[in-house]
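> Pasting in a structure now, in structure tokens, and then I'll have a few things to ask.
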Amino acid sequence: MTAAAAGSAGDRARAPRVVIVTGVSRFLGATVAARIAADPRVQRVIGVDRTDPPAELAPLLSGITLRKVDLTEGAASLIGTGAEALVHLAIMSSPDPAAGGRAAMKDQNVIGTLQLLAACQQMPSLRRLVVRSSTAAYGVSFRDPAVFTEDTEPRDVPRGGYGRDILDIESYVRGFRRRRPGVVTTVLRFAPFIGPQADTALLKFLARPMVPTVLGRDPRLQFIHVDDALEILRRSVLEDHQGTFNVAGRGTLTLSQAVRRSGRLELPVPEPAMHAAASFRRGVAGLSLDQVDLFVHGRVVDTARLVRQYGFTPRSTAAAFDDFVRAQEPGAVITPARVAAAEQRLLDMIRTVRERRGAAR
Amino acid sequence: MTRPEIAPEIDDEFDERVAAGLAFLRRRLSGQYEIDEFGFDPELTDQVFQPLLRQLYHRWFRTEVIDVKNLPAEGGALVVGNHSGTIALDALMLSVACHDEHPAHRHLRLLGADFVFRMPFVSELARKSGATLACNPDVERLLLQEELVGVFPEGFKGVGKRFADRYQLQRFGRGGFVSAALRTGRPIVPVAIVGAEEIYPLLGNIKPLARLIGAPYFPVTPTFPWLGPLGLVPLPSKWLIRFGEPIDTEPYADAADDPAVVFNLADQVRETIQTMLRETLELRPDPFGE
């Protein structure tokens, strides 16, 4: 163990003075940057992205030094910043057809991470590295255990592009850990994000009035509320949390249960048809192979290590999903109120018929 | 308006049942029910699966249970049984026995081969009824959550054996179930199931057909495939399920990784079940008797 890693307790809890956040042109990166900048111990937050942030994120980024860097072309310009912590959030979970599609997504995820880690290796000031990963790191297999702990090795490589990128990213981070053992490296394997806004490919899919599902499969899903994800990211930058952690809401919902809770209708499709629809270059109905993987196998992780290490329990998957349901109620086909009303009507009807009969007698 | 005194009570009972049924439908339709992390849906199991299986258990197989007191009332335990009958009806009947005949009404969490979880529909029925993949991480997790876990170490060798080999226990795999019990310190409860061997007497196995559909074997019984779907009706044998005394695993807690200890203990469990099978068979001279 190196001197840096064996520092005193006070040193371990010390907030970094200069922090780099990648991916600030998107909601997650911008919000994390703003929350870190709000800590008085942090002197400077450098926000990095390859595009300028959209206007609606501008209020979040007022106190942030913005740098326009395309990570795929190298990150050498970040070496001289004296950064003590770096949060890597410039990782895309689904392709953006307007910005190069899957090829650009893979470049950004894999080459971008590789270049960034190469630069990190040359930053003597760096003490903490936080990388966004995903529970897709467990791959998909019918021989998988029902619940993944951080030590579960993937059995089969996933079909989905994001899942494969995540496996690559994590292997680069493992390499970095070996070369720079003095840097506290935190890998956060997030379950799919959820919140009031349907702003990921998966959530847009679940917000449709008819949700296509795989015939004969009812996967177990898990979500992490985006507010809880932000809190975990904030703590990972400001405190030492060495290791890999599953970040998800306790418990699970099956897909059919989630669809019913949000008042949508299921549209079961045979797996080969689903697979074909997802294999089109742009994907039909926003469907990707990552989602087909998820909709066949489902994914549940154990979060005991996270709760123990951070002393923080994210809200449960069911509670986090409720937040989404409330916000998406206008699109619902069947609402609990309507079902309850139908139930009441049926009960009333039976009662009236029986009373009439009783009266006749 | 003069109604007989008894009428309101009958009305109330009827009303209650209708109301309960509708409330059940409402909860299902709006997704307002709980499942555990393995996908077990206790409400669906208690309200739909178990009542169906109960008909088979009582009316068709006339199942009787012996020494159910040997099943612990609480805490995790590994229930190990003999496997037979071409399709795994014995596992389902054992789960009815654990739930209905034991005062604590415990749910038995069954373990299935990956073959089960590959199949659409079947995999979801299995998960919803509380089953999970037969792998050590899942078994240990369930045992530590104080669940009753049901395992059939013979696997396909047991269900797919020929009628001529009935009630002869097959090899017990690698003894993975024993190491899971040792690692968690939970007891092993041996179970002998008599009756399942006669429901689909397996005469042969068409291997090329099995390979074609990706099944572990393609059964030929006196009725299947000759009678088509009718051949799927199990013969109405008489069933006896006997629970043996729990085997304490605490003394071997440190030896979970010692293959010698694991194999010995697996052998001991196997011998116990084989002896119980022989004794229980004598209680049932006629396989199709009352």
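Laboratory data are not the source of any read-out in this text; all were calculated from the coordinates shown. Everything numeric in this text was worked out from a predicted model, so none of it was measured. Cβ: placed from backbone, ideal geometry, glycine included. Neighbour counts: every protein chain shown.
> Please report the net charge: other residues with Cβ closer than 12 Å to the Cβ of A:S236, K and R +1, D and E -1.
Neighbourhood net charge equals +2.
> Moving to a separate point now. How large is the helix-only mean residue ellipticity at 222 nm for the protein assembly as shown, computed as the sum of -39500 (n - 2.57) over DSSP H runs with n ≥ 4, divided by its residue count, in deg cm²/dmol to the nearest 500?
Taken over the protein assembly as shown, the calculation gives -11000 deg cm²/dmol.
> May I pose another question? Could you tally the net charge around A:V333, taking each other residue with its Cβ under 13 Å from the Cβ of A:V333, Lys/Arg +1 and Asp/Glu -1?
Local charge sum for A:V333: +3.
> From the Cα gyration tensor of the stretch A:224-361, with a ≥ b ≥ c the square roots of its eigenvalues, which class applies: rounded if a/c is under 1.5, or else prolate if a/b is larger than b/c, or else oblate?
oblate
> Then there is this: So who's got an amide H within less than 5 Å of the one on A:L267, skipping anything under 5 residues away but keeping other chains? H placed 1.01 Å off N, in plane.
A:V211, A:T213
> Continuing with this model, one more query. By its C-alpha gyration tensor, with a ≥ b ≥ c as the square roots of the eigenvalues, how is the stretch A:83-147 shaped: rounded for a/c under 1.5, else prolate for a/b larger than b/c, else oblate?
oblate
> Same structure, new question: Can you list the HN-Hα couplings for the stretch A:43-55, worked out from phi with the Karplus curve (6.51, -1.76, 1.60; θ = phi - 60°), rounded to whole Hz and with x for Gly and Pro?
8, 8, 10, 9, x, 10, 7, 8, 10, 6, x, x, 4
> Same structure again: Taking every residue in B:33-40, how many Cβ atoms of other protein chains lie within 10 Å of its Cβ, on average?
Average per residue, whole number: 6.
> Karplus couplings for the stretch B:145-158 from phi (6.51 cos²θ - 1.76 cosθ + 1.60, θ = phi - 60°), rounded to Hz, Gly and Pro as x?
Karplus values, whole Hz, x for Gly and Pro: 8, 6, 8, 8, 10, x, 9, 10, x, 5, x, 5, 4, x.
> Run the numbers on the stretch B:136-259 and let me know its relative contact order in percent, using alpha-carbon pairs under 8 Å that are six or more apart.
For the stretch B:136-259, the relative contact order is 30 percent.
> Hey, got the average number of other protein chain Cβ atoms within 10 angstrom for residues in B:109-119?
For this peptide, the per-residue mean of nearby foreign Cβ atoms is 2.
> Among A:299-312, B:223-236, what's the highest-first ranking by average C-beta atoms within 10 angstrom per residue?
Final packing ranking: A:299-312, B:223-236.
> I need the phi-derived Karplus couplings for the stretch A:235-248: 6.51 cos²θ - 1.76 cosθ + 1.60, θ = phi - 60°, integer Hz, Gly and Pro marked x.
These are the phi-based 3J(HN,Hα) values: 5, 5, 7, 8, 10, 7, 9, 5, x, 10, 9, 6, 10, 7 Hz.
> Next question, about the same structure. Could you grab the relative contact order for the stretch A:113-263? Cα pairs under 8 Å, six or more apart, rounded to a whole percent.
RCO, the stretch A:113-263: 28 percent.
> Charges only on Cβ, +1 for Lys and Arg, -1 for Asp and Glu: so what's the dipole of the protein assembly as shown about the Cα centre, in debye to the nearest 20?
In debye, rounded to 20, the protein assembly as shown gives about 2020.
> I'd like the mean, over residues of A:134-147, of how many other protein chain beta carbons sit within 10 Å of each residue's own Cβ.
Across A:134-147, the average partner-chain Cβ count within 10 Å equals 4.
> Using per-residue counts of other Cβ atoms within 10 Å, averaged over each peptide, order B:136-148, B:276-288, A:243-255 from highest down.
Ranked from most to least packed, the peptides come out as A:243-255, B:136-148, B:276-288.
> Sticking with this structure for a sec: I need A:L265, B:L53 ordered by Cβ neighbour count within 10 Å, fewest first.
In increasing order of surrounding Cβ atoms, one gets A:L265, B:L53.
> Using the eigenvalues of the Cα gyration tensor, what equivalent ellipsoid semi-axes result for the protein assembly as shown when each is taken as the square root of five times the eigenvalue, whole Å, largest first?
The three semi-axes for the protein assembly as shown are 51, 33, 23 Å.
> Under the classification rounded if a/c is under 1.5, otherwise prolate if a/b is larger than b/c and oblate if not, where does the stretch A:14-93 fall, given a ≥ b ≥ c as square roots of the Cα gyration tensor eigenvalues?
oblate
> Still on this structure, I have one more. Order the peptides B:214-220, A:109-115 from the highest to the lowest mean number of other Cβ atoms within 10 Å of their residues.
A:109-115, B:214-220
> Taking the Cβ of A:R315 as the centre, find all other residues whose Cβ is under 14 Å away and add up their charges (Lys, Arg: +1; Asp, Glu: -1).
Once positives and negatives cancel, what remains is -3.
> Now a separate question. Over chain B, what relative contact order in percent results from Cα pairs under 8 Å that are six or more residues apart?
22
> In chain B, how does Rg compare with the Kirkwood Rh, expressed as the Rg/Rh ratio over alpha carbon atoms?
Expressed as Rg/Rh, it is 1.02.
> Among A:Q242, A:G175, A:G139, whose Cα lies farthest out toward the positive end of the dipole of the stretch A:126-255, if unit charges sit on the beta carbon of Lys, Arg (+1) and Asp, Glu (-1)?
Final value for the positive-end residue is A:G175.
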